[in-house]
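The values are calculated or read from the model by the stated rules, or taken from the named source; none is laboratory data. In this text the structure is predicted, and so the values were computed from the model without any measurement. Cβ coordinates were reconstructed from backbone atoms using ideal geometry, including for glycine residues, and neighbour counts include every protein chain displayed.
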């Protein structure tokens with residue numbers, strides 16, 4: 001490699017900056033944290049715009065296609081963007097209306113029924129000779145209703161003495177609302193001018209990057225974008241399928257809260273693999289207020305449905321749409337969940353799919369050759 005003044009100067013500046021970062025790492029970390037906090041509305045807005053863009057693009061193709069012109073072309077973007085935001089808002093509102101009121105009523109029913117359940121259980125254990133007489137007598141003498149009242153009073157007193165916590169909570173809520181509002185405004189601007197922003201970014205890359213680096217970056221970004229797009233669409237499709245199957249199965253075997261629990265299972269199924277089990281726990285808790293036997297039947301049903309979803313639906317709908325084998329889908333969910341929890345589960349699959357496709361295309365050549373080679 002030929003050494004010149006520019007190359008030596010760049011190397012010297014790079015080494016000096018690296019030394020400063022290492023020597024003053026606490027200050028650099030604080031500055032990075034401050035910049036990240038300041039840019040959080042912009043980052044959230046970019047993520048929001050990416051997600052809404054998928055639905056907005058769908059509406060643009062379905063409602064206008066490529067034949068839009070004149071007034072239709074001017075209304076295309078704002079109308080489809082409004083429809084996309086309205087669709088997401090309606091979905092969230094429906095989920096909240098279906099799930100939260102019934103969950104609150106179930107908690108109230110369980111709290112009211114605790115004394116009777118404990119008394120019946122104690123009597124049954126005493127008849128079967130399971131509990132010693134001393135323990136049975138002690139349990140029988142407890143006034144469970146007053147105990148529940150005492151618990152409620154303690155919780156109420158704790159809430160009343162937590163003025164500082166309430167102030168902090170209100171402050172956090174207001175700050176979160178402001179952040180969300182700023183992110184929403186930023187996402188709208190991104191969606192309205194995404195083509196112009198794309199052209200500007202492309203011109204900057206062409207001006208300051210070499211052709212080889214420019215092509216490689218665009219190729220990698222294109223693969224990652226395609227994997228995330230396919231994953232989001234496939235995951236939402238899989239969630240809808242699982243929620244509908246759960247609702248139909250519960251209606252078929254006549255379990256209570258079929259519509260509500262089906263919506264809950266579909267919503268939690270957005271979390272890969274483990275999401276349906278989270279919904280199953282809440283659903284079983286709700287059905288328990290009606291009948292313990294039906295709650296047990298529901299758990300057996302959801303385990304069978306989850307096995308069907310994990311072995312057939314998820315690998316076929318999400319895994320095949322990404323071009324990622326079922327084994328690597330499971331591995332990505334496991335490792336991602338172990339590293340970052342639920343966010344890691346959500347990001348692990350599309351990132352693994354992008355890395356898998358990049359390596360596959362590099363090994364076999366073009367994407368068409370890679371697909372033919374794997375098909376053989």
Inset, instruction - Name, by its number, the condition in (1) surrounded by fewer than 14 Cβ atoms within 10 Å (Cβ to Cβ); (2) more than 22 Å from residue 219 (Cβ to Cβ); (3) modelled with pLDDT of 80 or more that does not hold for residue 362. - result: (2)
Inset, instruction - Check segment 257-265 and report whether any residue there is in a helix (DSSP H, G or I) and closer than 19 Å to residue 346 by Cβ. - result: yes
Legend entry - Some residue of segment 197-218 being under 20 Å from residue 44 (Cα atoms), in a helix (DSSP H, G or I) and touching a residue at least 24 places away in the same chain (Cβ under 8 Å): no
Inset, instruction - Restrict the check to segment 287-300 and report whether at least one residue is buried (at least 16 other Cβ atoms within 10 Å of the Cβ), within 22 Å of the chain's Cα centre (by Cα), at pLDDT 70 or above and in a helix (DSSP H, G or I). - result: no
Inset, instruction - Give just the number: which of (1) at positive phi; (2) at pLDDT 80 or above does residue 65 not satisfy? - result: (2)
Legend entry - segment 243-261, subset at pLDDT 85 or above and either within 24 Å of the chain's Cα centre (by Cα) or outside the structural domain of residue 303 (by TED's automatic domain parsing) (or both), residue surrounded by the fewest Cβ atoms within 10 Å (Cβ to Cβ): 244
Legend entry - Single residue of 91, 110 found to be farther than 17 Å from residue 190 by Cβ, surrounded by 11 or more Cβ atoms within 10 Å (Cβ to Cβ), at pLDDT below 85 and within 23 Å of the chain's Cα centre (by Cα): 91
Legend entry - So residue 324, is it more than 30 Å from residue 254 (Cα to Cα), modelled with pLDDT under 80 and not in a helix (DSSP H, G or I): yes
